[in-house]
Amino acid sequence: MNVTENVTEPGGEQDRPRDDEIQAFHNRIRAADADKLELVGDKEPLSVLEEEYKAGSPVFLAKLLILKQSYGAIRRARGDGNCFFRSFMFSYLEHLLVIQDEAEVARMEKAIEICKKTLIDLGQAEFTFEDYLAIFVEQLHGVIQGKETSTSLETLVERCRDQYVSNCVVMFFRFVTSGEIRRRSEFFEPFIQGMSNMSVVQGAVLSVMCGAYGRGK
């Protein structure tokens, strides 16, 4: 009796990696490269970007010249999926520390309480985000000098590079983002449903989960 098996010759279709396997492979490479960088880098002159992109797009180089009119240096953030939140966190806190804007700190404290109430009103249990909120408030209070809790710029850099502190602040920012998406669901609905079959609420929840379980973990 002849038995026919569904076996493909070497080099055939079954030997080829699936698209998800290829994507997972590239993700592992990017993650390995990202881990070599600090969460927040040292200050570098903008000229380093000119050197890196001198053979690149003339449009990009022209924009660098415009940036140099207002900024003298850059800091790189680890490209782990949370680079925007980490960059905003450090830039905002550094700005407050340098100019000592107590009025802005007070405004942010009020905004945090509004965010907290919004999340609770949307059904978010307070215990799920209160620790992350407290870590951010601690960093916020530290930027004003002359207090026992005051921090120097060097200490701020160290804290923003600390995996625990940085990830906690990122998670708080993700909760705030999630709350804003849900609060203004009609505005965000076309952006979320236009890319997937998720509802706005599911998209908002996913924005938090990406920070807790995704590449930024």
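The values are calculated or read from the model by the stated rules, or taken from the named source; none is laboratory data. From a predicted model like this one, the values you see are computed outputs, not experimental measurements. Note that each Cβ is placed from the backbone with ideal geometry, even for glycine, and that neighbours are counted across all protein chains shown. With ligands, DNA and RNA removed, areas are computed over all heavy atoms of the protein, side chains included. Shrake-Rupley method; radii C 1.70, N 1.55, O 1.52, S 1.80 Å.
Of note:
- With both labels modelled 7 Å from their Cα along Cα-to-Cβ, the ASP121 to ALA55 distance reads 5.6 nm.
- Nonpolar atom fraction for segment 80-211, defined as the carbon and sulfur part of the 1.4 Å probe accessible area, stands at 59 percent.
- Separation of the alpha carbons by more than 29 angstrom is noted, of LYS63/LYS117; LYS110/LYS147; LYS116/LYS147, for LYS63/LYS117.
- Accessible surface, 1.4 Å probe, highest first, among residues GLU148, GLU113: GLU148, GLU113
- Gyration tensor over alpha-carbon atoms, segment 80-211, equivalent ellipsoid semi-axes in Å: 29, 16, 13
- Gain on full extension, evaluated as 0.36 nm per residue between HIS141 and GLU154 minus their Cα-Cα distance, stands at 3.1 nm.
- Separation in nanometres of the label points that stand 7 Å from Cα toward Cβ, at LYS43 and ILE99: 1.6 nm
- FRET efficiency for GLN69 and ARG107, using Cβ-Cβ distance with R0 set to 30 Å, rounded to 0.05: 0.55
- Placing a pseudo-label 7 Å from each Cα along the Cα-to-Cβ vector at ARG183 and ARG16 gives an inter-label distance of 4.9 nm.
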